[in-house]
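The values are calculated or read from the model by the stated rules, or taken from the named source; none is laboratory data. In this text, all values refer to a predicted model and were calculated from it rather than measured experimentally. Cβ placement follows ideal geometry from the backbone for every residue including glycine, while neighbour counts extend to all protein chains displayed. All accessible areas refer to the heavy atoms of the entire protein, side chains included, with ligands and DNA or RNA removed. Shrake-Rupley method; radii C 1.70, N 1.55, O 1.52, S 1.80 Å.
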Amino acid sequence: MPSLKDMRNRIASVKATRKITKAMQMVAAAKLRRAQEAATAARPYAERMDRVLVNLARRANPSEASPLLVGNGKDDVHLLIVMTAERGLCGGFNSNIARLARVDTLRLLRAGKTVKILCVGRKGADNLRRDLGRNIMDRVDLRSVRQLGFGNAEAIGTRVLAMFEAGEFDVATIYFSEFKNVITQKPTAQQIIPARIPDIEGSAGKANGDGVVEYEPSEEDVLGYLLKRNISTQIFRGLLENAASEQGARMTAMDNATRNAGDMINKLTVKYNRLRQANITKELIEIISGAEAL
């Protein structure tokens with residue numbers, strides 16, 4: 001049975017932990033607001049680009065379409081860009097993204113495909129290295145980045161484009177967590193090469209005026225440029241969604257940890273009081289027994 005001193009030390013330790021988790025929760029809440037605003041602001045641009053791509057894809061000459069839109073005719077080598085956080089203590093945020101990527105990787109390997117994994121973030125690489133280490137080709141380190149910018153996504157997008165042009169893969173897919181709210185973050189897989197243009201019936205024409213807008217020098221040239229730009233845009237959107245999801249998951253996890261620490265403190269306090277009362281009772285019995293023996 002632990003002594004009273006051990007119980008006091010245990011209670012003090014849990015109280016110190018509760019202070020840390022409470023502080024982390026408040027920091028995550030402050031960061032979440034900025035990250036959520038950035039993710040929300042990036043969505044209209046990405047959606048608008050989708051609409052423009054839909055319009056251009058419909059009007060462009062199929063025989064001159066870019067391989068970024070129609071592919072290179074093969075489906076043998078897949079590049080999975082798994083974007084996770086650089087730090088932990090955010091619940092199941094990192095493991096959920098890694099789990100989705102692992103399931104897709106194993107499915108592709110069973111189908112006889114070659115899979116290459118590019119990890120953006122340390123936690124995803126650590127999670128996948130256990131059973132898919134031979135498939136991980138590299139990891140992008142963003143620990144020194146305090147605030148994500150388009151330049152970070154553009155560097156990744158440029159590297160992916162160079163790999164595609166060099167014939168190192170046929171299909172590229174990004175994995176990230178779409179931010180819904182503080183409690184809900186949805187692990188998402190989105191194919192970016194060849195681009196999967198959403199079927200927005202009638203919206204492209206209404207937005208851009210089908211038959212009215214004229215592109216210079218041509219629809220094919222503009223489409224080719226936008227397809228390259230779209231890769232960096234979708235990666236940037238995924239990074240921003242991840243940043244908001246990470247802070248939301250960390251806020252929820254630290255709130256749960258703070259509540260659990262409070263419950264543990266209450267239980268330990270009750271146990272401490274009972275042990276203290278038992279020791280007092282034992283001492284009183286010993287004193288009374290000694291007095292009666294005299």
| message | Can you confirm whether ILE231 is part of a helix (DSSP H, G or I), among the hydrophobic types (A, V, I, L, M, F, W, C) and in contact with a helix residue (DSSP H, G or I) (Cβ under 8 Å, 6 or more places away or on another chain)? | response | yes
| message | Please go through the range 27-45 and give me each residue that is out of contact with any strand residue (DSSP E or B) (no Cβ under 9 Å at 6 or more places or on another chain) and open to solvent by 50 Å² or more (accessible area, probe 1.4 Å), ordered by number. | response | VAL27, ALA30, LYS31, ARG33, ARG34, GLU37, ALA41, ARG43, PRO44, TYR45
| field | Residues of the range 218-241 that turn out to be open to solvent by 20 Å² or more (accessible area, probe 1.4 Å) and in contact with a Phe, Trp or Tyr (Cβ under 6 Å, 6 or more places away or on another chain), as a count | value | 2
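Mind counting the residues in the range 1-46 that are over 31 Å from the mean Cα position of the chain (by Cα) and either among the aromatic types (Phe, Trp, Tyr) or in a helix (DSSP H, G or I) (or both)?
Looking only at the range 1-46, we keep the residues that are over 31 Å from the mean Cα position of the chain (by Cα), and these are 1-13.
Okay, now just the ones that are also either among the aromatic types (Phe, Trp, Tyr) or in a helix (DSSP H, G or I) (or both), so 4-13.
Number of matching residues: 10.
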| said: As an exercise: evaluate ILE81 against (1) in a helix (DSSP H, G or I); (2) touching a residue at least 60 places away in the same chain (Cβ under 8 Å) and give the number of the one condition it does not meet. | reply: (1)
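With the requirement that a residue be free of Cβ contacts under 8 Å to residues at least 12 places away in the same chain, on the phi < 0 side of the Ramachandran plot and open to solvent by 60 Å² or more (accessible area, probe 1.4 Å), what does the range 110-147 give you? Step through it out loud before you land on a result.
In the first step, residues of the range 110-147 are kept if they are free of Cβ contacts under 8 Å to residues at least 12 places away in the same chain; the result is 110-112, 126, 129-130, 133-134, 144-147.
Right, trim to on the phi < 0 side of the Ramachandran plot and you get 110-111, 126, 129-130, 133-134, 144-147.
Answer for the range 110-147, where residues must be free of Cβ contacts under 8 Å to residues at least 12 places away in the same chain, on the phi < 0 side of the Ramachandran plot and open to solvent by 60 Å² or more (accessible area, probe 1.4 Å): ARG110, ALA111, ARG129, ARG130, ARG134, SER144, ARG146, GLN147.
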| said: Just to be sure I understand, how many residues within the range 89-109 are in a helix (DSSP H, G or I), under 30 Å from ALA253 (Cα atoms) and open to solvent by 60 Å² or more (accessible area, probe 1.4 Å)? | reply: 3
| Do we find that SER203 is farther than 21 Å from THR233 by Cβ and either at pLDDT below 70 or surrounded by fewer than 18 Cβ atoms within 10 Å (Cβ to Cβ) (or both) in this structure? | no
